[in-house]
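Right, one structure below, let's go through it.
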């Protein structure tokens, strides 16, 4: 599957099928810090992603002066 | 569907939007943030939190305009203003724009360099001053900011790490209006930033996802990572940490906050409330101007 990442923006190819939680863990991320979006919909941690899927891992942590 | 582990719940899209609005409504009511008929100015950065807050306040029926501060952070500021303006246009809402370089002759990177502060410190100082000024000058009763549960937990963590008692006393969901200060409120304190981001995705609100280039290495980002590592193992830890601080510790600290408020005077240059003769923002403007003239 194609995985789009941010900060910095980059794309990765990851072999599927794979559950969302496993993908997040494999990328060294924590579930609290990201959303996983397939197409234009959010997907839950136990969702099985297929090899042909296109997913975005969107960081949710913002920092700096608030 | 989205899971919110601290509530041990998974929501469909409609129920999740209802959940977010309810969390905000509860905070607004519990802390008496906005009285009937009051006008709200929402501090808009173009990011997920401020746009989600604006959207929820409008949906809840509040009279809420936005204010965007141009910080002079090159392309990032232009891009974030674009997101803010597109939301305002799409919603038919009013967005005020204050451009710091155009109005004060410096941007956040210049201010940080001139004062030898870290950029987030110079930025925060400028925002506090100019957002308050925008609210007062515009005749708004309330200034609302998009600080979420993660922001507040991270600030609390930092303040506890150093036992900054005066900062702890000041860390409240509502700072009451005083002469020269609009009331400041934080209606998102019961929503995590994962929830505000999910809210925007579900509501199809486009926001700037990329992190501010000046924030890299910021200590609050490190605190958030630490708290998220705890949350991963103990869902609900962040909410307990922060919300119990409000319940248990804020009453104990009330006297400290009262003493601090009593010591506030007026800046001799701009008339803003200040604990010294010249307020921190006016000193920042002066140093940035001197630095610019020196060509440093």
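The values are calculated or read from the model by the stated rules, or taken from the named source; none is laboratory data. The structure displayed is predicted, hence computed values, not measured ones. For neighbour counting, all protein chains shown are included, and Cβ atoms are generated from backbone atoms with ideal geometry for every residue, glycine included.
A few comments on the model shown:
- Filtered residue count, the range A:19-37, keeping only those that are more than 14 Å from chain B (Cβ to nearest Cβ) and surrounded by fewer than 18 Cβ atoms within 10 Å (Cβ to Cβ): 3
- Pick from the range A:39-54, criterion more than 19 Å from residue B:207 (Cβ to Cβ) and more than 10 Å from every other protein chain (Cβ to nearest Cβ), ranking: surrounded by the most Cβ atoms within 10 Å (Cβ to Cβ): A:49
- Residues of the range B:20-50 that are within 14 Å of chain A (Cβ to nearest Cβ) and either touching a strand residue (DSSP E or B) at 6+ places or on another chain (Cβ under 9 Å) or closer than 12 Å to residue B:195 by Cα (or both): B:20, B:42, B:43, B:44, B:45, B:46, B:48, B:49, B:50.
- Residue ID - surrounded by the fewest Cβ atoms within 10 Å (Cβ to Cβ), chosen from residues in the range B:36-71 that are modelled with pLDDT under 95 and over 21 Å from residue B:206 (Cα atoms): B:36
- The listed residue being at pLDDT 95 or above and under 22 Å from residue B:162 (Cβ atoms), out of B:224, B:238, B:219: B:238
- Within the range B:217-253, tally of residues that are touching a helix residue (DSSP H, G or I) at 6+ places or on another chain (Cβ under 7 Å) and in a loop (DSSP other than H, G, I, E, B): 3
- Picking from residues in the range B:77-94 that are crowded, with 19+ Cβ neighbours inside 10 Å and touching a helix residue (DSSP H, G or I) at 6+ places or on another chain (Cβ under 8 Å), the one that is farthest from residue B:45 (Cα to Cα) is B:87.
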